[in-house]
Amino acid sequence: MTAPTAERFATLTVVPDGDVHIVGSLHTAEYLAVPEIGATIIGWLQAGESIERCAARAEELVGEPVDVADFVDTLVEHGLLPTVGDDDETDTAGSAAAGWRLVGRVLFHPVAWAVHAALAIAAVLLLIARPELRPHYTDLVPTRSALSSLLLVSLLTVVCILVHEAGHVAAAARLGLRSSLSVTRRLYFVVFQADLTRLWSVPRRRRFGPLLAGMALDAATLGAFLIAQEFLAARLDPGIVQILRTLVLVQISGILIQTWIFMRTDLYALFTTATSSRNLWVLKGALLRRWLRRETAADGDTLAHATARELRWAKVFVCLYVPGLVYALGYLAYFGIPGTLRILGMATGAIRDPGLTTLAGWSGVAALVFVFLPASLALGGAARSGLRLLRTAVRRRAAATDA
């Protein structure tokens with residue numbers, strides 16, 4: 001194998017993370033956990049040492065032969081080292097990321113963070129001091145038509161989600177990390193998702209900014225919407241004021257949902273980063289099944305290899321489930337169900353009077369389809385999951401009886 005050059009390994013990043021080191025690269029969103037000797041070898045390679053020299057130094061250090069060539073091949077297999085053509089791709093991606101980097105420097109400069117915080121504090125103070133500014137489930141119906149209300153709320157929600165996810169991408173770009181904002185479709189809903197995998201390439205304390213960026217923009221825009229209502233309502237058209245009220249509800253809902261840690265939201269990502277828990281979700285499941293006496297062999301192996309710190313934080317995470325579910329059900333009862341019932345009442349009213357011979361009546365039918373189709377698909381999925389769990393429990397009971 002040709003002796004490596006320092007340039008070949010220059011784009012690798014090595015970040016200590018607990019008892020391992022996380023290796024990342026500008027060439028991929030993949031990462032690899034390596035022991036301390038692996039991190040040391042990468043440092044030697046970045047300094048220009050040959051593979052043979054690194055192998056000799058590693059053997060002296062650990063007291064046994066170390067296959068450095070195989071280690072380098074592993075880095076190649078994971079896409080962490082450049083191959084032919086990667087340089088052109090990197091240059092193209094770097095040009096595309098320049099705009100995101102500029103946005104990130106503007107939106108997440110220390111002064112901008114102070115502005116975000118001030119607007120968030122203003123939002124809290126206004127919601128406390130002015131009860132009439134607090135959202136109500138009726139704000140889910142900003143127009144007199146069920147269908148137009150559904151479409152408008154969906155549009156506003158999509159825009160707010162886009163701003164939230166774009167905040168993650170811009171904050172990561174400010175650190176020099178390329179990210180991506182994908183636009184996908186689930187049924188007929190537009191979904192935006194930011195890929196922040198490359199955050200593993202920076203020290204843990206620098207990951208918090210990009211992870212908080214989405215909620216920071218949510219809180220800042222919430223403050224701006226409330227301030228506009230408080231000081232400009234008399235000058236604005238009533239329809240605009242109603243849209244502002246709907247935006248307040250959408251943003252508060254978005255912030256509340258991000259705190260649903262049991263759904264792997266932004267708060268979950270912050271929790272795992274703060275506690276250095278790399279396997280939290282899997283450990284949580286294994287612990288729950290052990291406590292419910294449904295532990296599998298894989299669960300036992302997972303728990304046996306977990307450290308005491310990992311198990312401690314996994315137990316804390318499990319204990320957040322019950323209050324989290326209660327909190328989520330409370331939100332559904334206060335906003336979701338009443339708002340849906342109001343939409344259904346408006347839709348059935350339009351169908352009944354003036355009837356299906358008019359455009360208003362058929363818009364009511366469309367509104368019913370808009371509400372019931374996603375709900376039926378969600379309930380169907382939940383029913384299928386429940387049946388699978390029931391069949392699994394029956395098989396295990398039968399196996400235990402036969403034994």
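The values are calculated or read from the model by the stated rules, or taken from the named source; none is laboratory data. Values in this document were obtained by computation on a predicted structure and should not be read as measured data. Neighbour counts run over all protein chains shown; Cβ positions are idealised from the backbone, glycine included. These area figures cover heavy atoms from the full protein model, side chains too; ligands, DNA and RNA do not enter into them. Shrake-Rupley method; radii C 1.70, N 1.55, O 1.52, S 1.80 Å.
Structure notes:
- Each listed q (0.12 Å⁻¹) maps to a log10 I(q)/I(0) for the chain from the Debye sum over equal C-alpha point scatterers, namely -1.16.
- Accessible area per residue in Å² at 1.4 Å probe, computed on the chain: 55
- When the solvent-accessible area of the range 11-62 is split by element, carbon and sulfur atoms take up 50 percent of it, the probe being 1.4 Å.
- Value of relative contact order over the chain, rounded to a whole percent, pairs C-alpha under 8 Å and six or more apart: 14
- Principal axes of the range 262-311: Cα extent on each, largest first, Å: 30, 22, 14
- Cβ-derived FRET efficiency at R0 25 Å, Leu61 paired with His305, nearest 0.05: 0.45
- The range 103-237: mean projected area of Cα convex hull, nm²: 10.2
- Distances between placed amide hydrogens fall under 5 Å for Ser25 paired with Thr13, all partners being 5 or more residues away or on another chain.
- Rg to Rh quotient for the range 326-375, alpha carbon positions, Kirkwood Rh: 1.13
- DSSP loop trypsin sites (Lys or Arg not before Pro) with at most 14 other Cβ within 10 Å excluded, longest remaining stretch of the chain: 1-143
- With a cut-off of 12 Å between beta carbons, the residues surrounding Ser201 carry a summed charge of +3, where Lys and Arg count +1 and Asp and Glu -1.
- Relative to the globular-protein estimate of 2.2 N^0.38 Å, the Cα radius of gyration of the range 219-306 stands at 1.79.
- Only protein atoms count toward the accessible area here, which uses a 1.4 Å probe; on the range 160-260, the carbon and sulfur part of that area reaches 63 percent.
- Applying 0.36 nm per residue to the separation of Thr358 and Asp237 and subtracting their alpha-carbon distance, the gain on full extension is 40.7 nm.
- Theoretical ellipticity at 222 nm over the chain - DSSP helices of four or more residues, -39500 (n - 2.57) apiece, nearest 500: -22000 deg cm²/dmol
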